[in-house]
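Structure record follows, encoded as structure tokens.
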Amino acid sequence: MSDDLVEPQKPDIIYETDEPVLYEVKDAVAWITMNRPKFNNAQNGQMTYALDDAFNRAVQDDAVRCIVLAGEGKHFSAGHDIGTPGRDVHKDFENRLMIPGHTNKPAAELLYTREQEQYLGMCKRWREAPKPTIAMVQGACIAGGLMLAWTCDLIVASEDAFFQDPVNPLMGIPGVEYFAHAYELPTRVAKEFLLLGERMPAARAYQYGMVNKIVPREELREAVAAWAEKLAGQPRLGNWLTKQAVNHVEELQGKSQAMTAVFHMHHFAHAQNDLVSGDSIGGVSGKSAAAANKKQAGG
Ligand code: ZN
């Protein structure tokens, strides 16, 4: 038994852009846009840290009164990066949450450290942003994409949007790291969503209140801008306290505690995959996940 540090892997990483996130302030609204459309906005470390920078920038700027989170291109986000040339799991960034770097940690400690920082920790932080946030969702919102949409106070989706967490059927892991499923959906629906991992169209998500509004694709930006403008014109502190009030009720229902508990199940499953197959996500690649998904969708 040893907890010795290890020599970090030095994989080749090819970033297709220096701007994985775009940032624009317009009429007191910060538009934060994921910008890897070529890879359906798959989230690598480069992107999660850029998102963290963007949220922080929007929070620090008193001229910003509302924050919109969007995805460039056909899809909001296909999830965490599990196979693009810019996949950077084995790269350290300047950690933000009083957690050490992960790349020199042995075995299961590596991913546990990374995901505490880049997935669970960051998402929890963004949820607590002291300004109202709106997710603007079109096309696919899968796994890691769900986490981002769920951290926002409001979700506006286009008619073609769909939501999916295929992590259990694909990898034998009980859902993504930010485990809000059982808070976003009624119990039995959450079980269906997780166990079967099938696509949930926006219209069905709306029935459960997971989505606030559905509009045709061509009206999506306009609809989000209208709500953002209204929120931006309202009392700053009131907006903050109001979102906190509802978040607090979720806390009384145990949301963070549930997330912490399930995060550990998530990592037990990562470790099991690693022990059985030598790969923490069970050998699943972006390509194989997309193929399985297509098959399931009948395409
Ligand atoms: Zn994970």
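The values are calculated or read from the model by the stated rules, or taken from the named source; none is laboratory data. It should be emphasised that the depicted structure is a prediction, and the values quoted were computed from it without experimental measurement. FYI the Cβ positions are ideal-geometry reconstructions off the backbone, even for glycines, and counts take in every protein chain you see. Surface areas here come from the heavy atoms of the whole protein model, side chains and all, with no ligands, DNA or RNA. Shrake-Rupley method; radii C 1.70, N 1.55, O 1.52, S 1.80 Å.
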* For Ala271, indicate whether it is modelled with pLDDT of 95 or more, among the aliphatic types (A, V, I, L, M) and open to solvent by less than 60 Å² (accessible area, probe 1.4 Å). => yes
* To do: Tell me, yes or no, whether the stretch 228-251 has at least one residue that is within 18 Å of Glu128 (Cα to Cα) and in contact with a Phe, Trp or Tyr (Cβ under 9 Å, 6 or more places away or on another chain).
  => yes
* To do: Kindly indicate whether Glu251 is over 24 Å from Ala140 (Cβ atoms), away from the ligand (no atom under 16 Å from the Cβ) and surrounded by fewer than 13 Cβ atoms within 10 Å (Cβ to Cβ).
  => yes
* **His90 vs. criteria surrounded by fewer than 16 Cβ atoms within 10 Å (Cβ to Cβ) and within 16 Å of the ligand (Cβ to nearest atom)** => yes
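Do we have Glu159 as closer than 22 Å to Val249 by Cα, among the charged types (D, E, K, R) and surrounded by fewer than 23 Cβ atoms within 10 Å (Cβ to Cβ) here?
No: the conditions fail for Glu159.
Look through the stretch 277-299, keep the residues that are assigned to a helix (DSSP H, G or I) and within 16 Å of the ligand (Cβ to nearest atom), and return whichever of them is most open to solvent (accessible area, probe 1.4 Å).
Of the residues in the stretch 277-299, the ones assigned to a helix (DSSP H, G or I) are 277, 286-296.
Narrowing further to those that are within 16 Å of the ligand (Cβ to nearest atom): 277, 286, 289.
Working: Ser277: 69, Gly286: 34, Ala289: 19 Å².
Looking at residues that are assigned to a helix (DSSP H, G or I) and within 16 Å of the ligand (Cβ to nearest atom), I get Ser277.
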* **Per-region count, the stretch 196-211, residues hydrophobic (A, V, I, L, M, F, W, C), under 15 Å from Ala149 (Cβ atoms) and in contact (Cβ under 8 Å) with a residue 40 or more places away in the chain** => 4
* Structure fact -> Of the residues in the stretch 95-116 that are more than 18 Å from Glu7 (Cα to Cα) and away from the ligand (no atom under 12 Å from the Cβ), the one that is most open to solvent (accessible area, probe 1.4 Å) is Met98
* To do: Note down all Cβ pairs under 6 Å where the first residue falls in the stretch 70-98 and is basic (Lys, Arg), the second is within 16 Å of the ligand (Cβ to nearest atom) and not in a loop (DSSP other than H, G, I, E, B), and they're at least six residues apart or on different chains.
  => Lys91/Gly45
* Structure fact -> Reported set for the stretch 118-147 where residues are within 12 Å of the ligand (Cβ to nearest atom), farther than 26 Å from Leu220 by Cα and out of contact with any Gly (no Cβ under 7 Å at 6 or more places or on another chain) is Tyr119, Leu120
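Can you find, within the stretch 191-227, the residue that is least open to solvent (accessible area, probe 1.4 Å) among those that are basic (Lys, Arg) and more than 24 Å from Pro132 (Cα to Cα)? Quick ask: steps written out before the conclusion?
In the first step, residues of the stretch 191-227 are kept if they are basic (Lys, Arg); the result is 191, 199, 204, 213, 217, 221.
Subset that is more than 24 Å from Pro132 (Cα to Cα): 191, 199, 204.
Working: Lys191: 107, Arg199: 97, Arg204: 72 Å².
The selected residue is Arg204.
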* Structure fact -> Within the stretch 34-51, residues being out of contact with any helix residue (DSSP H, G or I) (no Cβ under 9 Å at 6 or more places or on another chain) and either modelled with pLDDT under 95 or closer than 23 Å to Arg236 by Cα (or both) number 0
